[in-house]
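The values are calculated or read from the model by the stated rules, or taken from the named source; none is laboratory data. Values in this document were obtained by computation on a predicted structure and should not be read as measured data. Every residue, glycine as well, gets a Cβ built from its backbone with ideal geometry; the counts of neighbours run over all protein chains shown.
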Amino acid sequence: MQDLKHWSVSIDDANLCWLTLDVSGKSVNVLTHAVMAELGQIIDWVESQSIIAGVGMLSGKPGGFVYGADIAEFELLATADDVLQHMQMVHALFNRIDSLDVPTIVGIDGIAVGGGLEIALTFDRIITTASPKTKLGFPEVNLGILPGYGGSGRAYRRIGTAAVTQMMMSGRPLTASAAQAAGLIDQTVDDAAALQPAMTSWLTAQNRAKPHRQQRETAADQKALDDASAQFLTRLRADHTPAPFAIIEHVRRYGHAAAAMSAGEMDIFPELMVGSTSKNLRRVYYLTDKVRKTARGDSAITNLHVVGAGVMGGDIAAVAAMAGLTVSLTDMNAGAIETAMNRAAKLFERRLKSDDKIAAAKQRLQADPSGDGAARADLVIEAVAEKLSVKQAVFKALETVIKPDAILATNTSAIPLEDIATALQDPSRLIGLHFFNPVPVLPLVEVIWSRHSDQNLVSRGMQFAGQIGKMPIRCQSAPGFLVNRALLPYMFKAVEAVAAGENADQIDEALVDFGMPMGPIELCDQVGLDVCLDVGMVLGIAPAAEKILRAHCAAQNLGRKTGSGFYQWDGNRPIRPRAAVDAAVMAEIAASMLAPMIEQCQQAVDAGVVDSADSADAGMIFGTGFPGFRGGPLHWSKQ
């Protein structure tokens, strides 16, 4: 073998061959083209060594196995034929591992997803640590593809149609215990130190003999496919996200034999990989990684005080307590605190599952009607009424009691920080942490800075967002910041169109057809027409839109919360015909309604409100549900 940069190979006294992957220059193992080329050399050598009694594979990076293929290198494969040639090479290599005439075993501690799980499945036996950090899965659907290195068939051989379909369709990884229960892995050990001894014991016991492999040679389980279709495809469209539909068809067509299913990946993966949906979803993957990197580091925040126990304040407090912070929640209305605490308890029970974790989260969240927690807090978040005078009064009082190094943050959705900061002796302490409703669901936090803000505190605000599992975007203080600056004109454009006589249902259906989670008129009703009007008076609104909103508000038709707005509402669902319209007309309507959003995103970039077009696209995807398969409003507008 030539000098290896990414693998090390050794043979022990029992003639067991050990392969250790430690990808040079990377913090985690990924299957780069160079890694695969070296693996090919290694397998050539292993096949030529008659003394080898067994083969084991481990990771040389503590706490992680293999995170999959190197997605960045897929961008170098320009055509479907390029992708197919790469797949043919990997399939041939993995088939050779699968066919080695000695027993093989792989040891996993940490993440083994995508290609990482696929390479593990080529070995006769899979053993993992029982660590909660050990996860195995097929997340490819989130990138608009399916497993491409033979993993679908090899997993099917182990766990059958229903389980492999669930893994591919959900994209969610399995814990070690769940994987063992499903039959995906064979054994768990307590920790990484126990992996190689257990692997050695098994290989030695095999005495060079390959273990018997169960073969499944039955037709795909039609009920399992029907159940998966009902579970995953109901709200999806093949022209938006083709991968989930392709996965179902792949299993239906090839789910009768493992080898056929593995080989069948090559019939569909290449076209998915070079399609626009996968390209855009990979862009979202890169944006997600980029945003998360901005949130790394120690915020030095362990105690949080939240002022305002409404829906926003209460949910911010609950999410922070769930993430491990000690949180005090205050409000002038004791009933609001009680309501928020009860809602938080339900959230903990829904998300945390374990009784111990639920109890610990409840203990970390403290009702604080007197506001004493402000004096102990490392960070204070204000989430009171969206009125400048009220916010100024809150911060003026807080500044007299907080610690010298505590951060003051406002959850304002539109008021410039400079205006709020006039109440402070030291305006550099004020930043914005603008969360989005519902806080437990939407990942975005706009971290706002003004000309006064201490940039170190802004950085700590970014780290705090990451600490509680959120996606932070840095924004300069400006009316509407990024998301409301771009979202409200889009909504108001639709309201203007309705005021001019256009059909609300047709507008909404056009935007849903485009891929938005709901149309702009329905969104107005969801937000509340009174709220839309108030924000519109701050950010600017056309006279026609203002007139129709004022008329609805005067009649107390405020949208979903009153049961009537632009639509009549049946609980949480608007009553509207959802009529289908010609596709070209739908596309034209969508482009027209989205034009103000795109214009405002570009202006935000040009004015330095956000750092880049990537930040603007990320903010709109994570904050408004702009369809990821479109790649973001600015990216889409350029296509």
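Can you tell me which condition Ile52 does not meet? The list is (1) in contact with a Ser or Thr (Cβ under 7 Å, 6 or more places away or on another chain); (2) farther than 28 Å from Leu281 by Cα, and all the others hold.
(1) is the only condition that Ile52 fails.
If the Cβ limit is 6 Å and pairs must be 6+ apart or interchain, which residue in the stretch 31-53 that is within 24 Å of Phe74 (Cα to Cα) pairs with which residue that is of a type in the set (Lys, Arg) and at pLDDT 95 or above?
Going by the 6 Å Cβ cut-off, the qualifying pairs are Ile43/Arg96.
Filter the stretch 33-74 for residues that are within 37 Å of the chain's Cα centre (by Cα), among the charged types (D, E, K, R) and part of a helix (DSSP H, G or I) and give the result.
Once the filter is applied, which keeps residues that are within 37 Å of the chain's Cα centre (by Cα), among the charged types (D, E, K, R) and part of a helix (DSSP H, G or I), the stretch 33-74 yields Glu38, Glu73.
Only helices (runs of 4 or more DSSP H) wholly contained in the stretch 519-613 count here; list those with 1 or more residues that are farther than 17 Å from Gly623 by Cβ and either in the same structural domain as Gly432 (by TED's automatic domain parsing) or in contact with a Leu (Cβ under 7 Å, 6 or more places away or on another chain) (or both).
By residue number, 529-539, 543-554, 583-606.
Could you tell me whether the stretch 362-376 includes any residue that is modelled with pLDDT of 95 or more, touching a His at 6+ places or on another chain (Cβ under 7 Å), closer than 30 Å to Pro627 by Cβ and not polar (S, T, N, Q)?
no
Just checking, how many residues over the stretch 270-306 are in contact with a strand residue (DSSP E or B) (Cβ under 7 Å, 6 or more places away or on another chain) and not in a helix (DSSP H, G or I)?
Qualifying residue count, the stretch 270-306: 7.
Anything in the stretch 523-549 that is over 17 Å from Ala478 (Cα atoms) and free of Cβ contacts under 8 Å to residues at least 12 places away in the same chain? List them, or say none.
Of everything in the stretch 523-549, those that are over 17 Å from Ala478 (Cα atoms) and free of Cβ contacts under 8 Å to residues at least 12 places away in the same chain turn out to be Val531, Pro543.
Of the numbered conditions (1) assigned by TED's automatic domain parsing to the domain that holds Ala80; (2) under 20 Å from Phe622 (Cβ atoms); (3) of a type outside the set (Asp, Glu); (4) buried (at least 18 other Cβ atoms within 10 Å of the Cβ), Leu287 fails exactly one; give the number of that condition.
All conditions are met except number (1).
Quick test for you: out of Ala591, Ala579, Ala607, pick the one residue that is out of contact with any helix residue (DSSP H, G or I) (no Cβ under 8 Å at 6 or more places or on another chain), in contact (Cβ under 8 Å) with a residue 12 or more places away in the chain, surrounded by fewer than 24 Cβ atoms within 10 Å (Cβ to Cβ) and over 16 Å from Leu488 (Cβ atoms).
The unique qualifying residue is Ala607.
For Thr165, are the conditions met, namely being crowded, with 18+ Cβ neighbours inside 10 Å, in contact (Cβ under 8 Å) with a residue 60 or more places away in the chain, within 21 Å of Pro139 (Cα to Cα) and touching an Asp or Glu at 6+ places or on another chain (Cβ under 8 Å)?
Considered against the rule, which asks whether it is crowded, with 18+ Cβ neighbours inside 10 Å, in contact (Cβ under 8 Å) with a residue 60 or more places away in the chain, within 21 Å of Pro139 (Cα to Cα) and touching an Asp or Glu at 6+ places or on another chain (Cβ under 8 Å), Thr165 comes out as no.
Quick one: count up the residues across the stretch 110-140 that are among the basic types (Lys, Arg) and more than 22 Å from the chain's Cα centre (by Cα).
Total meeting the criteria: 1.
Which condition number in (1) farther than 20 Å from Ala69 by Cα; (2) out of contact with any Asp or Glu (no Cβ under 7 Å at 6 or more places or on another chain); (3) at pLDDT 95 or above is the one that Arg283 fails?
Checking Arg283 against (1) farther than 20 Å from Ala69 by Cα; (2) out of contact with any Asp or Glu (no Cβ under 7 Å at 6 or more places or on another chain); (3) at pLDDT 95 or above, the one that fails is (1).
So, in the stretch 127-142, exactly how many residues are buried (at least 24 other Cβ atoms within 10 Å of the Cβ) and in contact (Cβ under 8 Å) with a residue 40 or more places away in the chain?
So the count comes out to 5.
Exactly one condition in (1) within 25 Å of Thr412 (Cα to Cα); (2) charged (D, E, K, R); (3) surrounded by fewer than 17 Cβ atoms within 10 Å (Cβ to Cβ) is false for Glu546; which is it?
(3)
State all residues of the stretch 422-456 that are assigned to a helix (DSSP H, G or I) and surrounded by 23 or more Cβ atoms within 10 Å (Cβ to Cβ); if no residue qualifies, say none.
Within the stretch 422-456, Arg429 is the sole residue that qualifies.
Considering each residue of the stretch 553-573, count those that are more than 21 Å from Val535 (Cα to Cα) and of a type in the set (D, E, K, R), and give that number.
2
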